[in-house]
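Undergrad: Following this message is one structure expressed as structure tokens.
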Amino acid sequence: MSALSTDRRGDIPGLPLELMVIGLVMVVVIPSVYSISNHYRDQRIEQMLQDELSKFKRAAQEVEGTGAGNVRVVKLSLSSLSRVEYVRCGGEMPMVIRYRLTRGSEKTFNLGVAVTNITDEGANEIELPLDGTVIALRRTLAYEGLVEVRVGDFS
């Protein structure tokens with residue numbers, strides 16, 4: 001094994017410069033790798049969320065194509081998607097589901113069917129549960145062309 005060459009004082013020449021270069025490379029590379037990793041994880045979570053929302057969309061389209069009063073039940077498995085901040089439907093934009101991932105902007109998922117939550121005050125927005133609670137969809141009698149959404153059963 002060869003010994004490290006040293007200068008007259010016993011120091012290893014160029015070592016401080018090498019350490020600075022290594023430090024600079026780490027300062028540039030580590031945040032980039034972290035950012036790429038977060039972006040990839042967010043894309044995966046968003047894709048899994050959209051897969052779950054597709055179940056909701058299919059149920060809404062089935063109900064919309066049937067007679068008034070027909071019901072479909074869907075259970076979304078969103079609890080494992082830890083970065084999902086909220087999922088909402090109905091309200092002013094009844095044909096889309098709006099969702100947001102943590103530290104992200106609000107995005108939409110097109111349903112192609114108008115959905116809403118009907119209360120005594122009329123048609124409202126509803127926040128879909130993230131914990132696997134059953135969501136019921138019913139072709140409404142009160143509002144033509146709308147699918148009523150309710151968390152839990154219709155009772």
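Please treat every number below as a calculation from the coordinates, not as lab data. All of these numbers come straight from a predicted model, not from anything done at the bench. Counting neighbours? That spans all protein chains shown, and the Cβs are built from the backbone with ideal geometry, glycine included.
Undergrad: Express the C-alpha Rg of segment 46-137 as a ratio against the empirical globular expectation 2.2 N^0.38 Å, rounded to two decimals. Don't skip to the answer; put the middle values down first.
TA: Working: Rg = 12.8 Å, N = 92, 2.2 N^0.38 = 12.3 Å.
The reported ratio for this selection is 1.05.
Undergrad: Could you check the spin-label model distance between Ile36 and Lys75? Points 7 Å from the Cα along Cα→Cβ, value in nm.
TA: So the two model labels end up 4.0 nm from each other.
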